[in-house]
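Trainee: For reference, the structure I am asking about is given below.
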Amino acid sequence: MAVTSRVDYEHTLQALGICVSARVPVLLWGNPGEGKTAAVESARSLGWHVETVIITHSEPSDFAGLPVVGPDGTVSLAPPAWARRLVAAGRPSIAFFDEFSTASPSLQAAALRPLTHYEVGALQLPETVAFVAAANPSDVAAAGWELAAPTTSRFIHLDWALPLEVYSDGLVSGRWPSLPVHEVPLGYDRRLADELVLVAGFLRARESQLSVIPKDAGARGRAFPTPRTWSYAARLVAFAKSLGVSPQVHRLLVAGAVGDAVAHEYLTWSAAQDLPDPEVLLGDVEAASFAGMRADRVFVTLQSVHAAVSRDTTPDRWVAAVRLCARAAQQASLDPAVPVVRSLLRPEVRPEGTPMPADISVFAPALALAGLLPTAR
């Protein structure tokens, strides 16, 4: 989505701040000289430590560590100074990789471990570090490279531009918008559980969208669906909803994770899900009605029940969840209920010694076929 107005700019800045606050790596795409670096480094004014690494001046050892031979002949990977300073800072920090589109394939490969495992050489970075990169489109980047798919899928991709209104206000006033960063908001864990249920339900209905690596090299350099990027999308939308920001920011975050077309499909689908409160369902199984409900909605509803029981597992709640699955199978469809009841029957989920409700018999053929027919205990 192009940044064309002050409102677009503010939405993009909010999306960037949410990525940083949630510690999800984000890559800003924009032309040179439009304030990407200044926006990221403005987090210093809010007490964050920022380490800027210019990729043009880097080599793989700046991410993988420099091999050093010790007195006993062993080899260790010495971390670079920027990584040591991040550890020493002892406060929320940003590792900012500028001019990332100039990263050669070998440099991109070296950067994968810090982005995924927070390891630089032999040094473990703290979880307080957020990763941000900035890149110019390859057609305007100096000695630019297309990003490889493994690198691309580590990032949320946001388009960046500096509208005239924002630029002229900054010139005249001397005050520029700063990066909004946040503590983890209240209610985030519950929001995340709900969003993960929606993602699982959407992918059950649209399984082909779980992982779609584009065939075109240029498209592989931007957002596309993978299990990792779906997880990113859920985390970020949950964070955004907990903060109460505009739905336009939600759209930017999901599109930045899985691409525009899939994001539109997912957000349209999730907006149409008017799901019952799982706690209400667990509290009165007999009142629950699944008659006439679409299979994908049945699945999402039961998954929300499963998530609620996972948050607070008691024998009574577990039995109620199994009974709800059976009720859904009888009133609507067996297929969407089977995966949920299978999950509930796992030994680590079923409370020890909890008797099996008689309702489970509706699943006997499906569970027996899969070798999962429960036995009494």
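Trainee: For Ala133, what residues show an amide H to amide H distance below 5 Å, using hydrogens built from the backbone and excluding near sequence neighbours?
Mentor: HN-HN under 5 Å from Ala133: Val26, Leu27, Leu28, Phe97.
Trainee: Nearest 5 is fine: what % of DSSP beta bridges in the chain come out antiparallel, could you say? Present the calculation step by step, with values, prior to reporting the outcome.
Mentor: Values: 6 of 25 bridges.
Antiparallel bridges make up about 25 percent of those DSSP assigns within the chain.
Trainee: Binning at 5 Å from 0, report for the stretch 1-93 what percent of all alpha-carbon pair distances ends up in each bin.
Mentor: 3, 10, 16, 20, 17, 13, 8, 6, 4, 2, 1, 1, 0
Trainee: Between the helical axis of 315-331 and the dominant principal axis of the chain, each derived from Cα atoms, what acute angle in degrees is found, rounded to the nearest 10?
Mentor: Helix 315-331 sits roughly 80 degrees off the main axis of the chain.
Trainee: Still on this model: Step through the residues of the stretch 208-217 one at a time and calculate ³J(HN,Hα) from phi using the Karplus curve (6.51 cos²θ - 1.76 cosθ + 1.60, θ = phi - 60°), rounding each to whole Hz and writing x for Gly and Pro.
Mentor: 5, 8, 5, 8, 9, 8, x, 7, 7, 4
Trainee: Sorted by average packing, counted as other Cβ atoms within 10 angstrom per residue and highest first, what order do 122-135, 94-107 take? Provide the component values of the computation, followed by the final result.
Mentor: Values: 122-135: 19.3, 94-107: 21.1.
In decreasing order of mean packing, 122-135, 94-107 become 94-107, 122-135.
Trainee: Out of the total accessible area of the stretch 61-194 (probe 1.4 Å, heavy atoms of protein only), what percent is carbon and sulfur? Write out the running numbers ahead of the final one.
Mentor: On the way: 3830 of 6580 Å².
With neighbouring chains kept in place, the figure for the stretch 61-194 is 58 percent.
Trainee: Would you calculate the volume per residue, in Å³, of the smallest convex hull containing every Cα atom of the stretch 1-159? Can you show the working numbers first?
Mentor: Details: hull volume 18.2 nm³, N = 159.
About 115 Å³ per residue, rounded to a whole number.
Trainee: Could I ask something else about it? Please give the direction-averaged projected area of the C-alpha convex hull for the chain, in square nanometres with one decimal. It would help to have the intermediate numbers written out before the result.
Mentor: Values: hull surface 94.0 nm².
With every direction weighted equally, the projected area is 23.5 nm².
Trainee: Ok, one more. Determine ³J(HN,Hα), in whole Hz, for all residues of the stretch 161-171 in sequence, where each value follows from phi through the Karplus function 6.51 cos²θ - 1.76 cosθ + 1.60 and θ = phi - 60°; x replaces Gly and Pro.
Mentor: These are the phi-based 3J(HN,Hα) values: 8, 10, x, 4, 4, 5, 5, 5, 4, x, 4 Hz.
Trainee: Starting from the Cα gyration tensor of the stretch 151-265, take the square roots of the eigenvalues, sort them a ≥ b ≥ c, and report rounded, prolate or oblate (rounded when a/c is under 1.5, otherwise prolate if a/b is larger than b/c, else oblate).
Mentor: Numbers: a/c = 2.73, a/b = 1.39, b/c = 1.96.
Because a/c hits 1.5 or more and a/b fails to exceed b/c, the stretch 151-265 counts as oblate.
Trainee: Which Rg and Dmax, in Å, describe the Cα atoms of the stretch 200-335?
Mentor: Taking only Cα atoms of the stretch 200-335, I get Rg and Dmax of 17.1, 54 Å.
Trainee: Amide H of Val120: which non-local residues (sequence gap of 5 or more, or other chain) have their own amide H closer than 5 Å, using H built in the peptide plane?
Mentor: The list, which skips near neighbours in sequence, is Leu125.
Trainee: Also, quick follow-up: How long are the three semi-axes of the equivalent ellipsoid of the stretch 50-104, in whole Å, if each is the root of 5 times an eigenvalue of the C-alpha gyration tensor, listed from largest down? Let's see the in-between values first.
Mentor: Details: eigenvalues 111, 59, 7 Å².
So the three semi-axes of the stretch 50-104 are 24, 17, 6 Å.
Trainee: Could you rank Tyr167, Tyr188 by how accessible they are, 1.4 Å probe, largest area first?
Mentor: Of Tyr167, Tyr188, the descending order of accessible area is Tyr167, Tyr188.
Trainee: How far is helix 260-271 tilted off the main Cα axis of the chain, in degrees rounded to 10, range 0 to 90?
Mentor: Result, in degrees: 40.
Trainee: Rounded to the nearest whole Å², what accessible area per residue is found for the stretch 1-139 with the 1.4 Å probe? Don't skip to the end; give the middle numbers.
Mentor: Values: 5740 Å² over 139 residues.
Here the residues of the stretch 1-139 average 41 Å² of exposed surface.
Trainee: Sticking with this one: If eta is 0.890 mPa s and T is 25 °C, what Stokes-Einstein diffusion coefficient results for the stretch 204-252, Kirkwood Rh from Cα pairs, in µm²/s? Write out the running numbers ahead of the final one.
Mentor: Values: Rh = 12.3 Å.
Rounded, D is 200 µm²/s.
The values are calculated or read from the model by the stated rules, or taken from the named source; none is laboratory data. No experiment lies behind these values; they were computed from the predicted model shown. Quick reminder, even Gly has a Cβ in these numbers, built from the backbone with ideal geometry, and neighbours come from all protein chains shown. Note: areas computed on protein heavy atoms with side chains; ligands, DNA, RNA excluded. Shrake-Rupley method; radii C 1.70, N 1.55, O 1.52, S 1.80 Å.
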